[in-house]
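Notes follow once the structure below has been shown.
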Amino acid sequence: MVDNLDKIVNLCKTRGLIFPGSEIYDGFANTWDYGPVGISLRNNLKNLWWKKLVQTRPNSYGIDASILMNPKVWEASGHVKSFSDPKVDCKNCKNRQRADHLIEKFDKTGTIIPDNMTNEEMDAYIAEHKIKCPVCGKFDWTNVRQFKLMFETSRGTVEGEKDVVYLRPETCQGEYINFLNVQRSMRAKIPFGIAQIGKSFRNEITPGNFIFRCIEFEQMEYQWFCHPNDSEKYYNEFKNIAWDFAKECGIKEENMRFHDHDKLAFYAKSACDLQVKFPIGWQELNGVHNRSDYDLTQHSKYSGKPLNYLDPYTNERYVPYIIEYSMSPERLMLAVLCEAYDEEKLPNGDTRIVLHFEPKIAPYKVAILPLQKNLSEKATEIYRILCNEFMCDYDEAGSIGKRYRRQDEIGTPFCVTIDFETLENNTVTIRDRDSMEQIRINIDDLINYINEKVK
Ligand code: GAP
């Protein structure tokens, strides 16, 4: 596991995973562009999630709702009124900070819960302890104020006539407002689930820690609609699902724990985070919430359309409860990168950096490496066969040792090397990333061999 986030940031940049956004224009703070290796990893994580939650979970349905929705959606959800964070500005260096984070960092006892404090109480705490600006070291803050987290844009059909529209700060509202569409069109019976993966936007005050907290990110959100009496049973089931999925992605159990929320939103029945050990400490990877009937009730109220369910067996009509399982692929990707990173001492004294990804999430499954350039024709032939089955990389430049190192650094589980024996007997060597052992294998057996290991 990595001990310092900077190592991940550097590796991601130099090895084509993640680049700083708008870099040639001196960047655009806390935006990130995913490179060829990074997008493959992120897609693999999303596909794995989709497979677990939609493809193989009975009574699950995927959707893709609009990012831009009727602004009333955000009134009903409560975001227009209260989706904000407490912030303070340093009057000296003009830096903006989250007051709750300043307090959390300062408090060594771990007993202060800023979530439970009013703005005035946070003001008083910061003043009493003279908490300094982490950027310039001065103690000269404005009062704590709430800062809206939703990005606004406008829609206008005629010049001058403009309506405020919000970039969605979470994807789940698109799932709630389509509850009846999905239920009726798919003839779904309670309990059933709606899943979605899509972009969300939050005007976070102090984003940072690389892709841990971004202003633009995706969310993989799953809503399970169930009878109120069954909600706690399913809440616990989804805690298990969240745990198992993180494990499947390669997070070790000793680096995971649940954090049950002490302070629940007024409508929530139960809520917890699955936390993971990052180099920045234990942090939330995903949330599991029993949201009660709040969301459907709110949307019924604001839209005037009843969102409820008539049980065809019992004739009971009720508003379903919702269990939500929510996570961003970005945060999962960071967790997976931190977990997979290793610096290994080799017998010859060198150190190799290696990402020990689970093979099924590795960006490239195989690298095809001709030992010499004049073997490239045969190597290309093998590449063409394998790339129909797996994401493959092809590299013929530089010493074979350096090429292996490069593949280790992007976590490619297998390297296939083509040498002169290949031309004689149709065999290649296949090198295992983790053990670095090589075996000789017939080209015709390659696909089965790799498939077996990747599964
Ligand atoms: N619909 C519920 C919801 O959005 P949340 O706790 O605000 O709840 C859920 O977010 C998950 O989305 C988090 O556990 C985290 O994985 C991810 N997430 C939230 N804000 C994020 C951000 N600014 N950058 C990256 N991921 C974020």
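The values are calculated or read from the model by the stated rules, or taken from the named source; none is laboratory data. Bear in mind the structure is a predicted one, so any value in this text is a computation, not a measurement. Here the Cβ positions follow ideal geometry from the backbone for every residue, glycine too, while neighbour counts run over all protein chains shown. Note: accessible area is taken over every heavy atom of the protein model, side chains too, but ligands, DNA and RNA are not part of it. Shrake-Rupley method; radii C 1.70, N 1.55, O 1.52, S 1.80 Å.
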Identify the residue in segment 368-404 that is small (G, A, S) and not in a helix (DSSP H, G or I) and, among all such residues, is surrounded by the most Cβ atoms within 10 Å (Cβ to Cβ).
-> G398
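Being under 11 Å from A76 (Cα atoms) and within 14 Å of the ligand (Cβ to nearest atom) is the filter here, so list the residues in segment 271-296 that pass it.
Answer for segment 271-296, where residues must be under 11 Å from A76 (Cα atoms) and within 14 Å of the ligand (Cβ to nearest atom): Y294, D295.
For every residue, the table says whether it meets (1) free of Cβ contacts under 8 Å to residues at least 60 places away in the same chain; (2) at negative phi.
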residue: D6; (1), (2): yes, yes
residue: N30; (1), (2): no, no
residue: G38; (1), (2): no, yes
residue: N43; (1), (2): yes, yes
Out of segment 334-359, which residues are of a type in the set (A, V, I, L, M) and within 16 Å of the ligand (Cβ to nearest atom)?
-> L334, A335, V336, L337
Quick one: would you say I197 is of a type outside the set (S, T, N, Q), in contact with a helix residue (DSSP H, G or I) (Cβ under 6 Å, 6 or more places away or on another chain), within 16 Å of the ligand (Cβ to nearest atom) and open to solvent by 20 Å² or more (accessible area, probe 1.4 Å)?
-> yes
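Which ones in segment 58-72 are open to solvent by 50 Å² or more (accessible area, probe 1.4 Å) and hydroxyl-bearing (S, T, Y)? Walk me through how you get there before you give the answer.
Of the residues in segment 58-72, the ones open to solvent by 50 Å² or more (accessible area, probe 1.4 Å) are 58-59, 64, 66-68, 70, 72.
Once the filter is applied, which keeps residues that are open to solvent by 50 Å² or more (accessible area, probe 1.4 Å) and hydroxyl-bearing (S, T, Y), segment 58-72 yields only S66.
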Restricting attention to segment 423-435, does a residue exist that is on the phi < 0 side of the Ramachandran plot, in a loop (DSSP other than H, G, I, E, B) and of a type in the set (S, T, Y)?
-> yes
Just checking, how many residues over segment 200-210 are assigned to a loop (DSSP other than H, G, I, E, B) and either more than 7 Å from the ligand (Cβ to nearest atom) or more than 19 Å from L17 (Cβ to Cβ) (or both)?
-> 7
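Within segment 172-185, identify whether any single residue is assigned to a strand (DSSP E or B), touching a residue at least 24 places away in the same chain (Cβ under 8 Å), away from the ligand (no atom under 14 Å from the Cβ) and surrounded by 20 or more Cβ atoms within 10 Å (Cβ to Cβ), and answer yes or no.
No, because not a single residue in segment 172-185 is assigned to a strand (DSSP E or B), touching a residue at least 24 places away in the same chain (Cβ under 8 Å), away from the ligand (no atom under 14 Å from the Cβ) and surrounded by 20 or more Cβ atoms within 10 Å (Cβ to Cβ).
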Filter result for Y176 (in contact with a Leu (Cβ under 7 Å, 6 or more places away or on another chain), at pLDDT 90 or above, within 28 Å of L264 (Cα to Cα) and among the aromatic types (F, W, Y)) | yes
Show the residue pairs that are 6+ apart or on different chains and have beta-carbon atoms under 8 Å apart, the first residue being within segment 77-91 and without any contact (Cβ under 8 Å) to a residue 12 or more places away in the chain and farther than 8 Å from M150 by Cα, the second being in a strand (DSSP E or B) and open to solvent by less than 20 Å² (accessible area, probe 1.4 Å).
-> none
If you take the residues of segment 154-171 that are among the β-branched types (V, I, T) and surrounded by fewer than 12 Cβ atoms within 10 Å (Cβ to Cβ), which of them is nearest to the ligand (Cβ to nearest atom)?
-> T157
Pull up segment 315-333, narrow it to residues that are under 23 Å from I361 (Cβ atoms) and more than 9 Å from the ligand (Cβ to nearest atom), then point me to the one that is surrounded by the most Cβ atoms within 10 Å (Cβ to Cβ).
-> Y325
Those helices (runs of 4 or more DSSP H) lying entirely in segment 70-155 with at least 2 residues touching a Phe, Trp or Tyr at 6+ places or on another chain (Cβ under 6 Å) = 72-76
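Residue-by-condition table, conditions (1) within 16 Å of the ligand (Cβ to nearest atom); (2) closer than 26 Å to C415 by Cβ:
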site: Q298; (1), (2): yes, no
site: G304; (1), (2): no, no
site: Y313; (1), (2): no, no
site: S376; (1), (2): no, yes
Could you tell me whether any residue of segment 211-229 is over 26 Å from I63 (Cβ atoms), free of Cβ contacts under 8 Å to residues at least 24 places away in the same chain and more than 16 Å from the ligand (Cβ to nearest atom)?
-> yes
Tally time: how many residues in segment 1-57 are open to solvent by 20 Å² or more (accessible area, probe 1.4 Å) and assigned to a loop (DSSP other than H, G, I, E, B)?
-> 13
Here the qualifying pairs (Cβ atoms under 6 Å; residues six or more apart or on different chains; first in segment 232-253 and within 19 Å of Y321 (Cα to Cα); second crowded, with 18+ Cβ neighbours inside 10 Å and small (G, A, S)) come out as Y235/S270
